[in-house]
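The values are calculated or read from the model by the stated rules, or taken from the named source; none is laboratory data. Keep in mind it's a predicted model, so treat the numbers as computed, not measured. Every residue, glycine among them, receives a Cβ derived from its backbone with ideal geometry; neighbour counts consider all protein chains shown.
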Amino acid sequence: MTPDSDSAAVLWSAYTAAHPEHAGDLPVVECFGDSPALADELLALVVEGRKRATAGTVEHDGDAVVQGGHWIVTDGAGTAQAVLRTTEVRHGPLVSVDEAFAWDEGEGDRSRDDWLRGHRAYFRRTLGRDDVDDLPTVFERFTVVWPPGIAD
């Protein structure tokens, strides 16, 4: 899924016009998940206020995720929908996830067991490997800072 850089630039411009202290280059623009349907499903959890955390591989996301940094999340069509600000970053093996983080991710029944089932399946599918429990993982918490209608 290719992000729409024009919609991201418009969203970022509106945010930085309202918050000039954050003016700067366009941050990372990406969606959740690996399909348009999953991107839309996870974005909906953000919009309704249920999802305030995400996890990715250190290999893919490690250097890009910085506490206090911003990023723009898109829908499944690649259109920018929200500006997020990272509030916490932790690196560890996939199985080091705790109940509080699983709850903050907002997916499924929000339990650690359900989170592990879903993320094991996701990483097995996207990485093409079975041994994912020790996968170096970035655990990120975030807030929604723009647009005002869904901001925390």
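Please enumerate the residues belonging to region 6-35 that are exposed (fewer than 15 other Cβ atoms within 10 Å of the Cβ) and closer than 20 Å to G76 by Cβ.
The answer is D6, A9, V10, D34, S35.
Taking helices (runs of 4 or more DSSP H) that do not extend beyond region 1-96, which have at least 2 residues that are modelled with pLDDT of 95 or more and in contact with a Leu (Cβ under 9 Å, 6 or more places away or on another chain)?
Here the list reads 5-18.
Being among the aliphatic types (A, V, I, L, M), touching a residue at least 60 places away in the same chain (Cβ under 8 Å) and under 18 Å from G33 (Cβ atoms) is the filter here, so list the residues in region 72-90 that pass it.
Once the filter is applied, which keeps residues that are among the aliphatic types (A, V, I, L, M), touching a residue at least 60 places away in the same chain (Cβ under 8 Å) and under 18 Å from G33 (Cβ atoms), region 72-90 yields I72, A77, A80, A82, L84.
Contact list please: Cβ distance under 8 Å, first residue in region 37-53 and free of Cβ contacts under 8 Å to residues at least 24 places away in the same chain, second residue surrounded by 15 or more Cβ atoms within 10 Å (Cβ to Cβ) and not charged (D, E, K, R), pairs at least six apart or on different chains.
E41/G33
Can you confirm whether V95 is aliphatic (A, V, I, L, M) and touching an Asp or Glu at 6+ places or on another chain (Cβ under 9 Å)?
Criteria met by V95.
Between a first residue in region 116-135 that is more than 21 Å from A100 (Cα to Cα) and a second residue that is part of a loop (DSSP other than H, G, I, E, B) and among the aliphatic types (A, V, I, L, M), which pairs have beta carbons less than 9 Å apart while being 6 or more apart in sequence or on different chains?
As it stands, the answer is R124/V132; L127/L135; R129/L135, since those pairs meet every condition given.
If A55 satisfies every condition in (1) surrounded by fewer than 20 Cβ atoms within 10 Å (Cβ to Cβ); (2) in contact with a helix residue (DSSP H, G or I) (Cβ under 7 Å, 6 or more places away or on another chain) but one, which is the exception?
(1)
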